[in-house]
1. In this structure, is GLN69 closer than 26 Å to LEU4 by Cβ, surrounded by 15 or more Cβ atoms within 10 Å (Cβ to Cβ), more than 16 Å from the ligand (Cβ to nearest atom) and not acidic (Asp, Glu)?
2. Given the conditions (1) at pLDDT 85 or above; (2) surrounded by 13 or more Cβ atoms within 10 Å (Cβ to Cβ); (3) within 30 Å of ILE2 (Cβ to Cβ), report the number of the one that ALA17 does not fulfil.
Amino acid sequence: MILLFVAMALMGLLLLAYVTRPLFARETAGALPAQEDHDWQKETLMEAVRDLEYDFRLGKVSQQDYREQQQWLALEAARVQASARRPSSRTRICSACGNPVPPKDRFCGDCGAPSSGKKSTGGGRNS
Ligand SMILES: [Zn+2]
């Protein structure tokens, strides 16, 4: 029963942190860069992993619970990582070299071609 409690507590903590986050985020002026958000999520996950390992070493968590939760946390971490790497939806693709160009950049940082806008006439997508 105590194992179940520990698992619930862990989930509860994560959930609580997730739910209360907007309250803190709002205080620090709405325009946090997305990176900050991912850092925070990563931090939370790392903390959960540490807690889990600690509990496991103390024998509070069974091997099976430990594995399950570790798997879940790894999945979450991968998800956070993936969304951190994914370029923002407004990022354009350089029509000359195919590298992502941030929305505010007027020229491709890689080849210097002007990223004049969304729909480059001709090229791009030929499916
Ligand atoms: Zn380019």
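1. It is true that GLN69 is closer than 26 Å to LEU4 by Cβ, surrounded by 15 or more Cβ atoms within 10 Å (Cβ to Cβ), more than 16 Å from the ligand (Cβ to nearest atom) and not acidic (Asp, Glu).
2. All conditions are met except number (1).
The values are calculated or read from the model by the stated rules, or taken from the named source; none is laboratory data. Quantities reported herein were computed from a predicted structural model and do not represent experimental measurements. Cβ sites come from the backbone with ideal geometry, for glycine too, and all protein chains shown count toward neighbours.
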